[in-house]
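Reading through the structure tokens given below for one structure.
The values are calculated or read from the model by the stated rules, or taken from the named source; none is laboratory data. The structure displayed is predicted, hence computed values, not measured ones. Note that each Cβ is placed from the backbone with ideal geometry, even for glycine, and that neighbours are counted across all protein chains shown. Note: accessible area is taken over every heavy atom of the protein model, side chains too, but ligands, DNA and RNA are not part of it. Shrake-Rupley method; radii C 1.70, N 1.55, O 1.52, S 1.80 Å.
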Amino acid sequence: QKEVEQNSGPLSVPEGAIASLNCTYSDRGSQSFFWYRQYSGKSPELIMSIYSNGDKEDGRFTAQLNKASQYVSLLIRDSQPSDSATYLCAVGYNQGGKLIFGQGTELSVKP
Amino acid sequence: DGGITQSPKYLFRKEGQNVTLSCEQNLNHDAMYWYRQDPGQGLRLIYYSQIVNDFQKGDIAEGYSVSREKKESFPLTVTSAQKNPTAFYLCASSIKGDHEQYFGPGTRLTVT
């Protein structure tokens, strides 16, 4: 059974701080990794994708991947109240473009 | 504007009735997916389709059916056999073979 695990939170950080969201996965054959942001009552929005070990930066977001440890993380620098949402980690498998999602981590950024 | 549309946004049905949820995309994506999300939970895959006239069961296909007669459309029917149909239903699409999936706005189904 392929699994993706996230801390459910809620994770609370003050405005301007760095928020760190973590995700582990069970299948060493995984090739692609994604972070989605989901505001309450809305659908998920793709914010980051990462395919190789190391860091990938996009604005205030940095995704980090360590395949040896089967670990992927998302850092949000200079957190804003508008970043308050649930962040879903998703892992891609070779079979038919399928994704396995974690249960999501709720982030709350306090002004 | 390219995107994925789902209708309706909210849907209410009585127990025992079948209901069909619409999903249309104009992104020219080959692959389409249906997920279910329950409160406080991640997404669970119901059905997916990589090509017209072909689809596969996901992890929780029981009580659901789909069709893929056109590339742009992937409707989901929630049948009366689905034990707990009340949920948030999300449709997604991607380029065939690519794991980057893009989601529609979702349909919130309530069955009483």
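Contact annotation: residue pairs with Cβ atoms under 9 Å, 6 or more positions apart or on different chains, pairing a residue in region A:38-66 that is within 14 Å of another protein chain (Cβ to nearest Cβ) with a partner that is acidic (Asp, Glu) and open to solvent by less than 60 Å² (accessible area, probe 1.4 Å), are A:Leu46/B:Glu100; A:Ser49/B:Glu100. Within region B:100-112, restricting attention to residues that are open to solvent by 10 Å² or more (accessible area, probe 1.4 Å) and facing chain A (nearest Cβ under 7 Å), which residue is farthest from A:Gln31 (Cα to Cα)? Ranking the candidates gives B:Pro105 first.
Restricting attention to region B:53-87 and to residues that are part of a loop (DSSP other than H, G, I, E, B) and basic (Lys, Arg), the residue that is least open to solvent (accessible area, probe 1.4 Å) turns out to be B:Arg68. Pairs are defined by a Cβ separation below 6 Å, a sequence spacing of at least 6 or placement on different chains, a first member in region B:9-35 that is basic (Lys, Arg), and a second member that is assigned to a strand (DSSP E or B); the pairs so defined are B:Arg13/B:Val19; B:Arg13/B:Val111. Can you name the residue in region B:88-99 that is buried (at least 16 other Cβ atoms within 10 Å of the Cβ) and under 15 Å from A:Ser49 (Cβ atoms) and, of all such residues, is nearest to the other protein chains (Cβ to nearest Cβ)? The extreme case among them is B:His99.
Is it the case that A:Tyr93 is of a type in the set (Phe, Trp, Tyr) and either at pLDDT 95 or above or surrounded by 22 or more Cβ atoms within 10 Å (Cβ to Cβ) (or both)? Criteria not met by A:Tyr93.
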